[in-house]
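J.: Structure incoming, see below.
The values are calculated or read from the model by the stated rules, or taken from the named source; none is laboratory data. Please read all numbers here as calculations on a predicted model, not as lab measurements. Here the Cβ positions follow ideal geometry from the backbone for every residue, glycine too, while neighbour counts run over all protein chains shown.
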């Protein structure tokens, strides 16, 4: 963290605020971000029609967020690994009777929560890296969604093939 001179009230009157990377903020705010996500999910009629407890609904999020944080800390030239956790999550949501739209909606809500977390911590962010980090977050969450959908659709095709055989 680098100390920066500034002020919360905008006057520049000599208080020192420390700056954090987006990855550090997301790591520090992991649990509150998950709770905020759950609060948004509970407002979505399409999502809550599927009766799941807190762990069943949020169990994938710590690993997914850790993957986002790891991606933010990667060298920009490094290739991000494909997330096995995302694939598992797509398969799990299929078994839980989610629709494709439900999984996409969960992913959208996650991005909203991540960006809201960053907004809440705006006074602590290293602004020079903020926009590239936002692009990285969106790319990583979308890459997770793609992997989820590939596994979801594979499970769906397998289920349909099994039903046709019987």
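J.: Would you confirm whether any residue within the stretch 151-162 is in contact (Cβ under 8 Å) with a residue 12 or more places away in the chain and within 22 Å of residue 35 (Cα to Cα)?
T.: Looking through the stretch 151-162, none of the residues is in contact (Cβ under 8 Å) with a residue 12 or more places away in the chain and within 22 Å of residue 35 (Cα to Cα).
J.: Anything in the stretch 6-46 that is at pLDDT 95 or above and over 25 Å from residue 62 (Cβ atoms)? List them, or say none.
T.: 45
J.: Out of all the residues in the stretch 47-61, is one or more at pLDDT 95 or above, over 24 Å from residue 133 (Cβ atoms) and touching a helix residue (DSSP H, G or I) at 6+ places or on another chain (Cβ under 6 Å)?
T.: yes
J.: A further question follows. Taking residue 138 as the residue in question, decide whether it is surrounded by fewer than 18 Cβ atoms within 10 Å (Cβ to Cβ) and touching a residue at least 24 places away in the same chain (Cβ under 8 Å).
T.: Yes.
J.: Any idea which residue in the stretch 94-107 is nearest to residue 42 (Cα to Cα), counting only those that are free of Cβ contacts under 8 Å to residues at least 60 places away in the same chain and surrounded by 13 or more Cβ atoms within 10 Å (Cβ to Cβ)?
T.: Step by step, filter the stretch 94-107, then rank; the result is 102.
J.: Take the stretch 109-129 and flag every residue that is surrounded by 14 or more Cβ atoms within 10 Å (Cβ to Cβ) and part of a helix (DSSP H, G or I).
T.: 109, 110, 111, 113, 114, 116, 117, 118, 120, 124, 129 - these are the residues of the stretch 109-129 that are surrounded by 14 or more Cβ atoms within 10 Å (Cβ to Cβ) and part of a helix (DSSP H, G or I).
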